[in-house]
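See structure below.
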Amino acid sequence: MIPGGEFLSAEDKPTQRVRCPVHGFIRYSANERKIMDHPTFQRLRSIRQLAMTYLVYPGAMHSRFEHSLGVMELATQAFDLLALKHRDQLIEELKQVPELSEDTMARTRQTVRLMALLHDVGHPAFSHAAESTIPGGDHEKLSVHIIENVMGLEIDKTFFEGASGLLKRLMEKSQELTFMREFVASQMDMDRTDYLRRDSLHCGVDYGVFDSRRLIDSLTVIVNPDSGRLQLAIQRGGEHTFEALILARYQMNTQVYLHRIRRIYDYYLTEYMKLWGAENHNTFEDVIKHDDTSVLMEIRRDAQSENDRSKWARRIVERNHHRRVLETGDYADEQRLRRMTRVHRELKQNYSDIDFYIDDKHDIHKLTVPGEQDPQKVEDLYIAEKDGKLKVLTEDSAIIGKIPKRVRTVRIFADARGELLEEIRTSARALEAQAA
């Protein structure tokens with residue numbers, strides 16, 4: 001028995017298990033094993049979670065496959081806890097979804113698990129570095145295609161009629177399914193929770209470590225005051241764990257995801273994949289034929305050839321990267337960005353035979369912060385008081401408003417070495433001082 005309902009069948013009981021370095025044993029059913037064994041899902045074993053970050057942090061060899069299992073485990077823990085706390089309230093809303101009108105809690109739980117398991121199934125080789133090469137430019141669109149056209153019949157036959165269509169609507173952000181989607185796609189979802197912990201472990205850093213067990217234990221369900229629909233919220237007393245998640249994300253961005261060498265290899269990968277993908281990613285089916293291993297073989301071949309991709313391939317294979325010339329701190333504003341852009345332009349004019357590259361950006365969260373100019377609100381998170389009253393978390397938190405919503409480290413790179421590199425760095429500092 002699961003909290004609030006029965007398993008769909010004997011084949012849906014979690015009788016099998018795999019050991020995870022982050023969560024211990026992750027349990028799954030014989031039916032879920034059929035989905036996990038599908039070649040399109042097995043492909044995720046050969047797509048690294050952090051692309052070529054292993055060139056900086058050698059342990060970062062983990063895959064989208066193990067991350068997907070981890071998200072399924074955490075999403076299940078969160079759902080089961082809420083099912084114990086709010087069973088009747090959940091059934092009342094969820095049974096209005098046609099596919100969930102019968103066996104409501106069992107079907108919902110299974111759908112949440114499948115959504116978590118398949119949320120990254122559409123990632124191309126090297127993940128985000130190749131995202132622009134997918135037809136439509138979005139891995140979520142490819143995930144929808146896979147669920148609908150590649151795995152859909154098997155999902156429906158294995159679980160229940162309409163399961164694949166329900167997953168498709170979840171991926172497409174249908175408003176009726178907001179509550180279910182929040183387990184995997186929200187500001188405090190289990191996707192972020194798993195990758196922060198997993199990336200920290202494999203990179204050998206502690207920046208992404210926070211009390212995720214307390215975060216899950218603090219979850220509750222409220223009725224959104226604007227939409228009237230159910231929404232995840234945090235019980236009073238648990239808000240500090242969410243602050244820790246935001247701080248962990250901030251630190252992982254500044255120390256790992258935006259590391260200068262990781263960023264320069266992301267640039268090489270992106271430029272290579274634009275050219276390679278123009279010939280090899282013409283359809284969704286083309287994309288899912290490939291993974292990191294097959295594309296890396298292409299990169300190695302191109303590094304030995306002479307074509308329009310060769311220079312990017314050689315950069316990667318020979319680990320011959322641009323060097324940092326000038327960079328801002330983590331909080332460059334628009335004015336500082338304009339100054340750096342001007343310095344970049346003048347360096348290119350003064351050193352016309354040197355190749356330069358400028359890099360910036362990254363978001364931390366998309367919550368509305370009190371007092372900010374032109375807020376780009378995605379969602380409000382609420383603290384649920386014991387008396388039932390709600391408070392917007394960002395208005396109550398003294399920490400989240402202090403953490404920048406966007407980390408912007410602007411860097412200028414140059415393909416130079418030795419004395420010439422030092423000369424360019426000196427010139428860059430002087431140009432920036434003049435532009436200030």
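Only one of the numbered conditions (1) farther than 29 Å from residue 291 by Cα; (2) open to solvent by less than 20 Å² (accessible area, probe 1.4 Å) is violated by residue 235, and that is (2). At least 2 residues being more than 26 Å from residue 224 (Cβ to Cβ) and open to solvent by 10 Å² or more (accessible area, probe 1.4 Å) is the threshold, and among the helices (runs of 4 or more DSSP H) wholly inside segment 131-193 those reaching it are 139-145, 152-158. Residues in segment 202-215 that are closer than 14 Å to residue 22 by Cβ and in a helix (DSSP H, G or I): 202, 203, 212, 213. The single condition from (1) modelled with pLDDT of 95 or more; (2) β-branched (Val, Ile, Thr); (3) under 30 Å from residue 180 (Cα atoms) that residue 241 fails is (1).
Which ranges mark the helices (runs of 4 or more DSSP H) fully within segment 13-108 that have 1 or more residues being open to solvent by 50 Å² or more (accessible area, probe 1.4 Å), closer than 21 Å to residue 232 by Cβ and in contact (Cβ under 8 Å) with a residue 24 or more places away in the chain?
64-94
As for segment 279-297, it holds no residue that is free of Cβ contacts under 8 Å to residues at least 60 places away in the same chain, touching a Phe, Trp or Tyr at 6+ places or on another chain (Cβ under 8 Å), open to solvent by less than 70 Å² (accessible area, probe 1.4 Å) and within 25 Å of residue 136 (Cα to Cα). Listed by first and then second residue, the pairs with beta-carbon distance under 6 Å, at least 6 apart or on different chains, first residue in segment 329-347 and in contact (Cβ under 8 Å) with a residue 12 or more places away in the chain, second surrounded by 13 or more Cβ atoms within 10 Å (Cβ to Cβ) and of a type in the set (Lys, Arg), are 332/408. For segment 323-338, the candidate set comprises residues that are touching a helix residue (DSSP H, G or I) at 6+ places or on another chain (Cβ under 7 Å) and under 13 Å from residue 428 (Cβ atoms); within that set, the residue that is surrounded by the fewest Cβ atoms within 10 Å (Cβ to Cβ) is 323. Filtered by the rule that a residue be hydroxyl-bearing (Ser, Thr, Tyr) and more than 19 Å from the chain's Cα centre (by Cα), segment 142-173 gives 158, 164.
Per the listing 315, 263, the residue uniquely crowded, with 18+ Cβ neighbours inside 10 Å, touching a helix residue (DSSP H, G or I) at 6+ places or on another chain (Cβ under 9 Å) and within 23 Å of residue 195 (Cβ to Cβ) is 263.
Taking (1) in contact with a Phe, Trp or Tyr (Cβ under 6 Å, 6 or more places away or on another chain); (2) without any contact (Cβ under 8 Å) to a residue 60 or more places away in the chain in turn, residue 233 satisfies each apart from (2).
Residue 225 meets each of the listed conditions (1) closer than 28 Å to residue 95 by Cα; (2) at pLDDT 95 or above apart from (2).
Counting only residues that are surrounded by 13 or more Cβ atoms within 10 Å (Cβ to Cβ) and touching a residue at least 40 places away in the same chain (Cβ under 8 Å), segment 388-419 holds 20 of them.
The values are calculated or read from the model by the stated rules, or taken from the named source; none is laboratory data. Fair warning: this is a prediction, and the values are worked out from it, not measured in the lab. Because the Cβ atoms are built from the backbone with ideal geometry, glycine has one as well, and the counts that use them run over all protein chains shown. Ligands, DNA and RNA are excluded from the accessible area calculation, which covers all protein heavy atoms including side chains. Shrake-Rupley method; radii C 1.70, N 1.55, O 1.52, S 1.80 Å.
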